[in-house]
Structure formats: structure tokens, C-alpha cells
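In what follows, a structure is listed as C-alpha cells, so that the remarks can point back to it.
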Amino acid sequence: MMFYHLVAELVLTRVQFLFSFDAAEELKDSISNKNHELVLVRGMNLVDEIWGDARPEPPKEPTRVHDIKYAGIDVPSKLSFIRSHLTENGCDAVVISMLDEVAWLLNMRGSDVPHSPVFYSYLIVEVSTATLFVDSNKVSEDVLEHLEKAGVKLKPYEAIVSEVERLAEKGAKLWLDSSSVNAAIITAFKSSCDKHMKKKGKAGEKVEKEAYSDEPTGVENGALNAVYNVSPVTLAKSVKNEAEIEGMKNSHLRDAAALAEFWCWLEDEVCKSVPLTEVQVAEKLLEFRKKQDGFIETSFDTISGYGANGAVIHYRPTPEDCSSVGSDNLFLLDSGAQYIDGTTDITRTVHFGEPSPRQKECFTRVLQGHIALDQAVFPERTPGFVLDVLARSSLWKIGLDYRHGTGHGVGAALNVHEGPQSISYRYGNLTALQKGMIVSNEPGYYEDNSFGIRIENLLLIKELNLANSFGGISYLGFERLTFVPIQSKLIDVSLLSPSEINWVNDYHEEVWDKVSPLLSGDTRDWLWKNTRPILDVTHRYSHAQDIA
């Protein structure tokens, strides 16, 4: 019992700053169900005491301004939008702690987190002021000038709690997203509110007694001084403006050129039986991407899985423990990049030899799900989980499925995974898909100890111009952002409908039209070969009728 209680104290100390308030409350409830209590250790951090001098220094890389030609909307306009939400909700200030939300709102980027162009910070937006809490050493003269023009003040990163306490003492009402704001901030605010109201209550009680008033005075709980709601930045950031959309389209074309060069190289190397590990393949892909204008870094650790490793959904090869890529099995490559103007995420599955009938059938059914979602038409206010069945139905027909979501939101030159939108079998997310959002389309199938298949493109949600508008509402669909060939040899054409064959041919024609101008030599020849029509639909069905 004593040991468990000590561990509980240790956990809560870290939870205060590293876990959201909601997560901390869930942890407290789970422990209380076991008749234990989570106790806050004040004045020290037990983990830091154990770590001592061995604790790494926090990152000190400089921040940068995200140019308005990529951001599309200036900072004062974004702050004005947030302040209008504060006024509508009767709040005096909002605490923003999600790093991508701070970066988006201030048109800034950083490199404190691998694969994500964000920086450690907090932001408090009040009705007339805004304060960024960040290490000042990360702020160059250019960034400082950028912030001053927008009316944003700087304070030390560590000052966030004391600032929240100051707002509580003023009686300010805060907008807090308890799903993202850490437990330390919300706990400090509630505690300071309670202290402030107790003082106010005692003062009021004294006045009342002197006035011989018999009306009772209550002490207001700190929870009443806050609006607990989703951050007003979350949805605004997920709906891309025209400049962000343009940047995403441009970066995806450059990324497609890099991938064409990569696949051309890899196919040639494997055909020549050159020994290559999964790690070496991922490193070579990085080399090709680095040659593209505006490349910054990868958007996540590349998933490079050959054979059975491809069946591990979040597989990460290491030099000490990885396979060689050959021509006897499927190879799954899930990768992405951060560019100055956009973020990419793409998965392709290929076979450099002869795929088995089983592999071709599974691949084709995954492709059918990909096509079905790509072609979806749906009314506005539709949540993503409604569309998830489209990506799975072809697999379900033969008793197969996959254990991950079908689509996640993607940031514009920001995090490769962002909310609130998603396409998933998890029906708890009721966020409506909206025009301007970007989502992935990535159905798959994974046969344990054998092979893995996934086909992923990114999609932009757009409004469709249809013949009807039932209920007077808009109808939405998707526009593809990703343009890299889907390997034709893995497709069992006999399983495809005429419209699905047309989709493959039309997609490959679009890939050729958009990407070939960026290529030359062997890579351009490779792209031509891999974007040829898989079958002339008219010929196929007229021939079938002749036989009949």
C-alpha cells in the first residue's frame, strides 16, 4: 500500500504538466476505484530529482515566420476571430496549449518536435492583448518584429502558471480546453479562483455583518470561472484557406516527383539483386526528397516494411533489426514530408516479382475500398465515421478487415495528424466533414506473418455542384492531392467494375499529366510505363458480349 501511494504521488507530479486535465482526472478516477488516492506533490518534481543533471537541455532551435503567402491570413485577423468567440461566450481570455494551434494562430513555425514544425510554447489571448510564453532565445529579430506588429507580447515559457493565477485573481473568466490544456494550468486556475472567492466572500461577509444584513454569502467554485470547451482554434485550423490549399497542392506535386525518382531507382536496384535493407531504402527516399524545393524534414518516421514486417501496422525498421527488400513478397512504404508550403503523407504497396493470386485479390479489394471512399458524395454536416464503411465493404464481402482508422486530418505545413476530423469505425467522433478540410484515404489489409497492404492518398474536401440540393443543403466530395502510380501488376482486373477500371485509368492519366513535366530521363520513362491504362473497358465488355 505504501509503495503504491508513493508511485501515485510520482505519477501525478508528471501528470500535472505532461497530461491534459481530462487525462489526469481519468487517472485519478481509475486509481480511486482501487481505493487509492492520487496526491499532488508540491514544491518539487520527483522525476526531475531522480533525473538530476542527466536531464537533457530543452531544444533551443530558433522559430521562424510562416510567410503570409503560405499562411493566407494574417495574425491580427486570426486573433480578431478568436476574440469574437471570446465575446460570444462571455470569456475574458483563452489559454491555447496545443503547439500546432499556437503555430497556426501566430503564423510561426519551429523545430522542437521531430517531424512537426512546432515549438514549445503557450499562448493566452485576451480581449485586447495576447501573450506568447516561449524561450526568448528562440525568437529572432524578424520573429519579434512579426509578433510586435500583431500586438503579441512575450513572456518566459515558465511564466504560464503564474499568469493564469494572475487572471484568476482578477476574476477573469477563461476558455479552457480540458482535453488539451494540461492539469497544472487548470488546477492552478481553479485553486486561485477558489482562494480569490474565499477572500472576496470573507470581505463581503464582514460588510454584511456591519450592515446587519442576513443574506447568506457563498464562495464560488473555481470551475464556474471557466468555460470548458474545445479550443476555438481547432476547427478554424482544420478548414484550410486558399493559400494553404495551394501550398498543399504544390508540395504534393514536388513530393510526387521525388517518389517517382525513388520508385524508379528502387525497382532497378531490386531487379539487379542489389542488397538493400528496409532502413537503407528509407534513407534513400529521404535523399530524393531533400532535393525538392522547400523540403524541411520527414513528417513522421518512414514505415518501410517488407513481407511479414509490412503486416505490422506501425512498423519501424532499425539498422539492428530489419529485413532486406527483395522480389519474393510485398513491400509496404508509408512516408511523408514537411515542406515550407505543405505536408504530405502517402502509402504505396508494391511487388517486384510475381504476386500470388491471394495477394492480388487482397490488394484489389483494398483498392476498391480506396476508390469507393475517393468517389464518395455526401451531405454537409456528415461526420467521418459515416463514410468508413465505404472503405471496408469490399473486404467485408470475403470476411476481411483492418484494425485502424481509414482517414485522419492533415495540417497545412503543420502536424501530419490533426483533428478534429477523421474517418473511422470509431463512431464517437461526431465532427462534421467540412469544405476545406484535408483527410487521408488509407484502407489496408494485414495478413499476420505474411504481408501487409495499404493504399493512401490525401484528399481535400470540396463542395460539389449537383443537379439537386435536397433540403437546401450543400453536398460534398473529395479532390485528390496525391499523385503517385498504384502498381498495376497487383490489380486483379476481373474483380473491378467498369467504373472502377475507369477510376484507375483516369487517376493514372492525371498522375502523368501533373507529374511528368517535373521529370526527365529514366524517371519520366518509368512514370509513363506505370501510368498506362490497365484495360480498355469498352473492348473488354464488347468482347464479353460477343462470347455470350
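Ordering 314, 146, 252 by accessible surface, largest first, gives 314, 146, 252; the 1.4 Å probe counts only protein heavy atoms, with every chain in place. Solvent-accessible surface (1.4 Å probe) assigned to residue 316 amounts to roughly 100 Å².
Quick check: with the 1.4 Å probe, what order do 92, 448, 53 take by accessible area, largest first?
Values: 92 70, 448 105, 53 165 Å².
If we order 92, 448, 53 from most to least accessible, we get 53, 448, 92.
Note on residue 377: accessible area approximately 80 square angstrom, rounded to 10, probe 1.4 Å, nucleic acids and ligands left out. Think of a 1.4 Å ball rolled over the protein heavy atoms: the stretch 45-171 then has 48 Å² of accessible area per residue.
Of all the C-alpha pairs in the stretch 420-543, what % are more than 26 Å from each other?
Details: 3091 of 7626 pairs.
Of the Cα pairs, 41 percent sit more than 26 Å apart.
Using only side-chain charges placed at the Cβ, +1 for Lys and Arg and -1 for Asp and Glu, the dipole size of the chain relative to its Cα centre rounds to 720 debye. Accessible area per residue for the stretch 337-408, computed on protein heavy atoms with a 1.4 Å probe, is 34 Å².
Ordering 530, 24, 478 by Cα displacement along the dipole of the chain toward the positive end leaves 24 in first place; charges were set at the Cβ atoms of Lys, Arg (+1) and Asp, Glu (-1). Taking only the C-alpha atoms of the stretch 376-460, the Rg (one decimal) and the largest Cα-Cα distance, Dmax (whole number), read 13.4, 42 Å.
Rg/Rh for the chain to two decimals, with Rh computed the Kirkwood way over all alpha-carbon pairs.
1.04
If I fit a long axis through the Cα atoms of helix 75-88 and take the longest principal axis of the Cα atoms of the chain, what angle between them do I get, 0 to 90°, rounded to 10? Rounded to the nearest ten degrees, it is 60. The Rg/Rh ratio of the stretch 151-191, with Rg taken over Cα atoms and Rh as the Kirkwood radius over Cα pairs, comes to 0.96.
Would you mind calculating the relative contact order of the stretch 91-139 from Cα pairs under 8 angstrom and at least 6 residues apart, reporting the percent as a whole number? List each step's numbers first, then the result.
Values: 65 pairs, mean separation 17.1, N = 49.
RCO, the stretch 91-139: 35 percent.
With R₀ set to 22 Å, the beta-carbon distance separating residue 33 from residue 425 gives a calculated FRET efficiency near 0.20. The angle between the Cα long axis of helix 2-18 and the main principal axis of the chain comes to about 80°, on a 0 to 90 degree scale.
List the trypsin sites (Lys or Arg not before Pro) in the stretch 128-184 that DSSP assigns to loop (not H, G, I, E or B) and whose Cβ has at most 14 other Cβ atoms within 10 Å. Which are they?
Answer by residue number: 170.
Of the residues 83, 348, ranked by 1.4 Å probe accessible area with the largest first, the sequence reads 83, 348.
Residue 503 exposes around 10 Å² of accessible area when a 1.4 Å probe is run over every protein chain in place. Within the same chain, lysines fewer than 8 places from residue 190 are excluded, and of the rest, those with a Cα less than 16 Å from its Cα are 170, 173, 198, 199, 200. Report the calculated FRET efficiency for residue 495 and residue 89 (r = Cβ-Cβ distance, R0 = 56 Å), to the nearest 0.05. It comes out at approximately 0.60. Solvent-accessible area per residue in the stretch 234-285 equals 36 Å², computed with a 1.4 angstrom probe and all protein chains kept. Only one residue of 271, 192, 350 has its Cα farthest out toward the positive end of the dipole of the chain, where Lys and Arg carry +1 and Asp and Glu -1 on Cβ, and that residue is 192. Helix 278-290 and the longest principal axis of the C-alpha atoms of the chain enclose an angle of approximately 80°.
Over the stretch 271-418, what number does the Rg to Rh ratio reach, with both radii from the alpha-carbon atoms and Rh per Kirkwood?
Values: Rg = 17.1 Å, Rh = 17.2 Å.
Reported Rg/Rh, Kirkwood definition of Rh: 0.99.
Of the accessible area of the chain, computed with a 1.4 Å probe over protein heavy atoms only, carbon and sulfur atoms account for 52 percent.
A Förster radius of 25 Å combined with the Cβ-Cβ distance from residue 293 to residue 68 puts the calculated FRET efficiency at roughly 0.85.
The values are calculated or read from the model by the stated rules, or taken from the named source; none is laboratory data. All figures in this text were calculated on a predicted structure; none of them were measured in a lab. No Cβ is skipped: glycine too gets one built from the backbone with ideal geometry, and neighbour counts run over all protein chains shown. Please note that ligands, DNA and RNA were not included when accessible areas were found on the heavy atoms of the full protein model with its side chains. Shrake-Rupley method; radii C 1.70, N 1.55, O 1.52, S 1.80 Å.
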